[in-house]
Structures are given as structure tokens and as C-alpha cells.
Ligand code: HSE
């Protein structure tokens, strides 16, 4: 049995990963060792067959090195600290990572197997050892449009995103709730008739968002009753790093011979864990809408084509609908007034599942199939 070392199982992505691996009986294929950066020597809290009952030291290179596969959701700082030292020590096992640190390295393969299983398998054949989950927004967009990428129908895309608080982290999700509570506790009171006083209530809400006590340690700004049109760091060309990732990662995943331009504006909104994206897709040629819909819906089992009408869109094309599931609803599909090669689409996906944990656990099976 291959020895699997799991690091970062306590964090939010780690918890989602543990839940999925347990649900899919993934642990039955491995001898599992849980590592910790702070609790080595303590009891492993899981009741998982073939697992080491004691937590191992995630910083002890000699112990980590004994694994055949390392799967880490511990974050970029851990990867920076440990990965090169581990490789330098002679570790020739697989490194599966959720962090972006190694993603664009030549030696690393971005894993999104419904799109690039062949690429992953060739990387394994070529003895590549580093496999990294993609940026959540990129992975969700690619799963939604897999059929159009596969048929080489896309000339370029603009993606306008509506990204959930979870993409920033667990503390940010809590802060979003805290911000909502801070405001609603102060404006929804017996005796205030919101319907007649709504302009006054709105002024109060606006003032509360700049109140010195308003909780914003993590976001730095109000996200409740607001949105934030910048995610990640600034690049010299005016893009945010999150916006840059779309084309860079998508083309790496596709191993594109001809680069597909993808650009847009990434925006944080007050959804909890589902990212949404409004897409303008420039097709290489005029393709009938029914063919486009077939290509999209037949590409993979997770895509759910949502009819382009008001009722279906409001019911199924929302973070509320996709949250906690592997479904990738894709809808608002129509030719735009700009011309017959301009396609409109909207898609939603759970950024902790397909956007983070799911490609990692599926990589374990691709290694087993090797
Ligand atoms: N960078 C993403 C976000 C999450 O901020 O929403 C991780 O891929």
C-alpha cells in the first residue's frame, strides 16, 4: 500500500477534502499518516483504517520523506518552507498541493482531470512529481466551458467574476457574518418601520460601514452591503494577480499551442463559498446555439445546463443552489447582440469542492491507476 501523508487537514479546504475522501472511501487504498505543524505526537483525531494513530511532525523532513505521496492543504508558506528542502533531501514521492506557490513552475502540472487527464498522465509517464490544484475561479470556468475548449471553439473570453468570501479564507467568512450582524443588529429594531424609513435606514447602514467598531480586520473594508473589485496583489499592467491567473493557468492546463486570451475583472461579493462568473466568449465561428449547449452539457457529468429563462436562472444559477455540491450550473447561454460569434454565459461553482479539494483527491486515483 502506498504511504499517503496528509498535511493541512484541519483548515477549511482540508476539512472539505477529509469529508470527500471519507465519503468516497479513498483512505481504503492507502496507509495514511496525518502530519501536523503544531501537534506532533498527539493522537490522530480520525478513525480511519490503515492510519498511523499518532500525528507526525510536518516539518521533520526525514519523516515526511518516507511518504510515497504528500497531499498538502497547509498553504503556500508551508510549501515554500518544505518543498525544496524535501526535494533536495532526495524525496522522489508525489507532492500534491492546493497552494499556488509551485503552480506555474515548469516541473509542476496543474491538475483538473476532467480537462487535462491526458496531460496529467503524460506528466506521470515523464516522471514528473509535483501536481498542483488550479486557482478556483479558473478551474470552475474551465469545467463549465470544457466542451468549448475541447472543440477548440474559443477565440477569447472575458470573465467578470463574483467571488465568495471563502476564497479569501475561513476568517473572512466569519467576518462577513460579523459585518452583517453589526449592521442588522443596529437597524432592525422594534419601532423602526423599515418600509417607511428606508432612506433613513440606508443612511444609517452607510454610516455603520465606516463606524470605528465595524469589524473589518480581515477584508480591510466592508464586504457586507458592498463589493470589492480587487482580489490579490497589484500587477504593473493594471491587472490584479487573480485576473492574471485566468489566462496563465487556463493555457497551462490546456497546453495550448495557440494562446487563448482570457481577461476580465475579479470582484469579491458577499456569497459564502460559491464563485460565479459572467462570461463573454468570442467563438472562432458561428456555431448554432443547440450545438453549443450540447457541447457544454455533454463534456462532463458535473455540468448542469440551466435553461435561459428567468425562473430556471433564479432557481439554479445561484451560489445558493451550487453550494456544497459538485454541480457546475451553466446558463444564460445566448448569442449576444454584438454578433453571432459572441456568446453570453453565466456559471457558478463551489470553490471549496471543484475549486480546491476535489482535483486533489482525484489525483490520488490517477496515481493509483498509473
Ligand atoms: N484566489 C481565490 C479567491 C481562491 O480569492 O477567491 C483560491 O483559488
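The values are calculated or read from the model by the stated rules, or taken from the named source; none is laboratory data. None of the values given here were measured: they were computed from a predicted structure. A quick note on method: Cβ atoms are made from the backbone with ideal geometry, for glycine too, and the neighbour counts reach across all protein chains shown.
Which residue, of 71, 55, 4, is more than 27 Å from the chain's Cα centre (by Cα) and touching a residue at least 12 places away in the same chain (Cβ under 8 Å)?
Only one candidate qualifies: 55.
Go through 332, 268 for me and flag whichever is surrounded by fewer than 23 Cβ atoms within 10 Å (Cβ to Cβ) and either within 16 Å of the chain's Cα centre (by Cα) or away from the ligand (no atom under 16 Å from the Cβ) (or both).
332
Applying the selection to segment 147-188, what residues are surrounded by fewer than 16 Cβ atoms within 10 Å (Cβ to Cβ), assigned to a strand (DSSP E or B) and within 16 Å of the ligand (Cβ to nearest atom)?
Within segment 147-188, 160 is the sole residue that qualifies.
Somewhere in segment 198-205, is a residue closer than 26 Å to residue 349 by Cβ, without any contact (Cβ under 8 Å) to a residue 12 or more places away in the chain and out of contact with any strand residue (DSSP E or B) (no Cβ under 9 Å at 6 or more places or on another chain)?
There is no residue in segment 198-205 that is closer than 26 Å to residue 349 by Cβ, without any contact (Cβ under 8 Å) to a residue 12 or more places away in the chain and out of contact with any strand residue (DSSP E or B) (no Cβ under 9 Å at 6 or more places or on another chain).
Which residue pairs have Cβ atoms closer than 7 Å, lie 6 or more positions apart in sequence or on different chains, and pair a first residue in segment 244-272 that is closer than 13 Å to residue 160 by Cα and part of a loop (DSSP other than H, G, I, E, B) with a second residue that is more than 12 Å from the ligand (Cβ to nearest atom) and modelled with pLDDT of 95 or more?
Short answer, once both residue conditions are applied: 264/158; 264/159; 264/160; 265/160; 265/229; 267/227; 267/229; 269/227.
Could you check, for segment 125-133, whether at least one of its residues is assigned to a helix (DSSP H, G or I), surrounded by 15 or more Cβ atoms within 10 Å (Cβ to Cβ), modelled with pLDDT of 95 or more and in contact with a helix residue (DSSP H, G or I) (Cβ under 7 Å, 6 or more places away or on another chain)?
Checking segment 125-133: not a single residue is assigned to a helix (DSSP H, G or I), surrounded by 15 or more Cβ atoms within 10 Å (Cβ to Cβ), modelled with pLDDT of 95 or more and in contact with a helix residue (DSSP H, G or I) (Cβ under 7 Å, 6 or more places away or on another chain).
If only one of 359, 340 is in a helix (DSSP H, G or I) and touching a residue at least 24 places away in the same chain (Cβ under 8 Å), which one is it?
359
Within the set of pairs 6+ apart or on separate chains, which have a first residue in segment 25-47 that is in contact (Cβ under 8 Å) with a residue 40 or more places away in the chain, a second that is in a helix (DSSP H, G or I) and surrounded by fewer than 18 Cβ atoms within 10 Å (Cβ to Cβ), and C-beta atoms under 9 Å apart?
Taking only residues 6 or more apart or on different chains, the pairs are 26/365; 29/365; 29/368; 30/368.
What about residue 63, is it in a helix (DSSP H, G or I), under 15 Å from the mean Cα position of the chain (by Cα) and modelled with pLDDT of 95 or more?
No; evaluated as a whole, the condition is false for this residue.
Out of (1) under 19 Å from residue 128 (Cα atoms); (2) touching a helix residue (DSSP H, G or I) at 6+ places or on another chain (Cβ under 8 Å); (3) not in a loop (DSSP other than H, G, I, E, B), what's the single condition that is false for residue 27?
In the conditions (1) under 19 Å from residue 128 (Cα atoms); (2) touching a helix residue (DSSP H, G or I) at 6+ places or on another chain (Cβ under 8 Å); (3) not in a loop (DSSP other than H, G, I, E, B), residue 27 misses (1) alone.
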